[in-house]
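Any read-out appearing in this document is the output of simple, stated calculations on the displayed coordinates, not a laboratory observation. From a predicted model like this one, the values you see are computed outputs, not experimental measurements. Here the Cβ positions follow ideal geometry from the backbone for every residue, glycine too, while neighbour counts run over all protein chains shown.
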Amino acid sequence: MTPTRKTPDLSGTDGLDHSKSDDPGHALDDATSSMRRFKRNAVRKRLGGAMKPADTLRIAMHGDTIVLATSGRLHLSTGPGAAPTSRTGENGHSVQLASSWDGDTLVVKTTAEKFQREAHYSLAAGGNAIRIAITMSAGGSAGPFHYALVYDRVAADTTSP
């Protein structure tokens with residue numbers, strides 16, 4: 001009999017801690033600084049809005065399903081280790097979504113035609129915050145860029161976002 005691995009409980013509602021979080025815009029600026037102005041502006045325009053951090057993050061865990069929702073546009077349900085799923089956005093573009101556990105960290109990978117995003121969700125020290133380490137790359141960018149966001153626990157709940 002294979003022992004069941006206990007995953008961390010990421011459930012709760014968390015608010016963005018600006019003082020502990022990186023500025024995604026600075027990470028994008030650093031990654032595109034060597035580009036010519038026209039190309040740099042095109043990449044910034046394409047990714048800039050998608051990188052704006054949400055003020056609130058809610059995570060609910062129900063068995064093997066994890067629901068992530070933000071005060072912004074993110075609302076997804078994922079089953080770590082399940083086959084990747086495809087979603088079509090408002091603009092008609094398709095994205096592939098896959099998730100898995102890497103130790104105590106939930107890894108959510110989003111792949112589209114023009115970008116890739118990998119977000120690592122983990123409990124911060126003491127379990128009173130969620131840290132999200134993000135790596136993004138876009139077609140035409142100088143390479144992947146990284147930033148981290150920290151969300152402090154506002155409420156420990158398990159209700160669906």
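Side notes on the structure shown:
- Simple spin-label estimate for Ser100 and Lys6 in nanometres, 7 Å along Cα-Cβ: 2.4 nm
- Label sites at Arg46 and Ala156, each approximated as a point 7 angstrom past Cα along Cα to Cβ, lie 4.3 nm apart.
- With Cα atoms, 0 to 90° folded angle of helix 37-48 axis to the chain main axis: 20 degrees
- Signed unit charges on C-beta, dipole axis of the range 1-117, positive-most listed residue Ser71, Thr13, Gly25: Gly25
- Cross-link partners for Lys109 among the lysines, with Cα-Cα distance under 19 Å and sequence neighbours closer than 8 places in the same chain left out: Lys52.
- Value of Rg/Rh across the range 79-119 [Cα atoms, Kirkwood radius]: 1.02
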